[in-house]
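We did not get these values from a lab; they are worked out from the coordinates using the rules stated. Computed from a predicted structure; not experimentally measured. Quick reminder, even Gly has a Cβ in these numbers, built from the backbone with ideal geometry, and neighbours come from all protein chains shown.
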């Protein structure tokens, strides 16, 4: 087991098993973390920060979900059978707000650790040497990671705002919104955690979009798994490091399978 290659092996062509390969990545990441002291230490720090942020998110979502539902124009009807639908919509809204908050706010607080965790993952995979530490480089990379994360979170928020229009559909609109909003979040998670290592290697975002389109089932499986981990007690405090390591493993697996070429900065050094 100790000799297991940490880099996942994907077929170069998309296939029916891609979804399950993608779904396994965060759990594969758990083994990689426990085989690297550096990764384990970084993950424990990230988990401690996540615990504080997740408790704060859960408290505020629990307290204010009812207010959000009322702002959307949904009110409890007078008849008893209608109230069942109202409480179902409220429950779905709670789930959506909790998932969005739990997958965005910890990311902002943990932005300075994203690149170090991703670099340590690539170091564990081999054929990679992390850059020498410098305070200036750390502060610069942390600021860039924070800005990129904020931009990606804004993209997620815009999608959710557009999906709110589903509420105007009679009868099934609110339920359709809940399903679509959760699906949108799962897809965004795949792009978020794959984009992080690719952005670090200077791939343009169009290449992130291209590889997600080419290996959609693989990336969707990964996003669904990250979404699923949020609901696993104890394990969910490691959500962010598991997702960062899983996204980096996805990147390295795509490189190994030939779905991704050399990073732009590596290509420049090869041709110079």
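A few notes on this one:
- If you take the Cα centroid of the range 153-170 and the Cα centroid of the range 15-68, the two points sit 25 Å apart.
- Neighbour counts of other Cβ atoms within 10 Å put 43, 165 in the fewest-to-most order 165, 43.
- Cβ-based exposure ranking for 35, 252, in which fewest neighbours within 10 Å come first: 35, 252
- The range 92-113-the range 225-246 distance, computed between alpha-carbon centres (Å): 12
- Chain lengthening between residue 209 and residue 62 when straightened (0.36 nm per residue, less Cα-Cα): 49.5 nm
- Length gained when the stretch residue 175-residue 158 is fully extended (0.36 nm per residue, less Cα-Cα span): 4.2 nm
- Whole-number D in µm²/s for the range 21-261 (Stokes-Einstein; Kirkwood sum over Cα pairs; 37 °C, 0.692 mPa s): 174
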